[in-house]
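**Q** Have a look at this one before I ask anything.
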Amino acid sequence: MSKAKSIARVLGSIFALPYRVRHWIWKSVVGPERAFICISESIARWTGPLGNFIRQSFYKHALEHVGEDVHFGFMSLFSKKQATLGNRVYIGRFCTIGWADIGDDVMLADAVQILSGRHQHGSDMRDGETLRDNEQTFSKVTIGKGAWLGAGAIIMADVGEGAIVGAGAVVVKPVPAGAKVGGVPAKVIGS
């Protein structure tokens, strides 16, 4: 690791410390999930390499697991602390990630959304209730090693190892390993 990168990591840890303390305090005030989301939104706004290293430092402590050399792009955030990230994951700008298990060497282009499953909200409406009254159900979405998710893709189902998801695709069914998918809903267009 270069000396500059080592210094940047130390600075990122120093700048992340107040966020880690705030997260710890807010967990008892607003609950762990809401506290996590608040901090995730706050640190997303830091620009440049320092912002990346601040996010690296915070998420190493707050997420379930973060591998080595993960890049967290500007304005990208997590909504579920159960997320796991492998080594050398690249997360572009403006990404939103829920409950996901992201393998080694995965690349997310800008504005990718990985939701916490396909059926997060129920569709029942009883007398006097709204859709908002339905219980939320979350499920983990797995992104296999070496997958590449194109700009603006929306992912609601597992993506296999080495798969490529085209820009703007909406993945509602599992994508096989090595497949290329595109469209709305996403369909296999090659391998």
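The values are calculated or read from the model by the stated rules, or taken from the named source; none is laboratory data. These figures come from a predicted structure and were not determined experimentally. Every residue, glycine among them, receives a Cβ derived from its backbone with ideal geometry; neighbour counts consider all protein chains shown. The protein model used for the area step is the full one, side chains on, heavy atoms only, and it has no ligands, DNA or RNA in it. Shrake-Rupley method; radii C 1.70, N 1.55, O 1.52, S 1.80 Å.
**Q** May I ask you to list the residues in segment 1-28 that are without any contact (Cβ under 8 Å) to a residue 24 or more places away in the chain and among the hydroxyl-bearing types (Ser, Thr, Tyr)?
**A** Matches in segment 1-28: 2, 6, 28.
**Q** Would you point out the residue of segment 68-91, among those that are among the small types (Gly, Ala, Ser) and more than 10 Å from residue 102 (Cα to Cα), that is most open to solvent (accessible area, probe 1.4 Å)?
**A** Here the answer is 79.
**Q** Could you list all residues from segment 135-183 that are in a strand (DSSP E or B), closer than 24 Å to residue 81 by Cα and open to solvent by less than 70 Å² (accessible area, probe 1.4 Å)?
**A** 141, 142, 143, 149, 154, 155, 159, 170, 171, listed by residue number.
**Q** All but one of (1) farther than 19 Å from residue 104 by Cα; (2) at pLDDT 95 or above hold for residue 73; state the number of the condition that does not hold.
**A** In the conditions (1) farther than 19 Å from residue 104 by Cα; (2) at pLDDT 95 or above, residue 73 misses (1) alone.
**Q** Take the residues in segment 4-58 that are of a type outside the set (Val, Ile, Thr) and not in a helix (DSSP H, G or I); name whichever of them is surrounded by the most Cβ atoms within 10 Å (Cβ to Cβ).
**A** In this case the residue turns out to be 46.
**Q** Only residues that are in contact with a Phe, Trp or Tyr (Cβ under 8 Å, 6 or more places away or on another chain), not in a strand (DSSP E or B) and not aromatic (Phe, Trp, Tyr): list them for segment 89-108, please.
**A** 93, 98, 106
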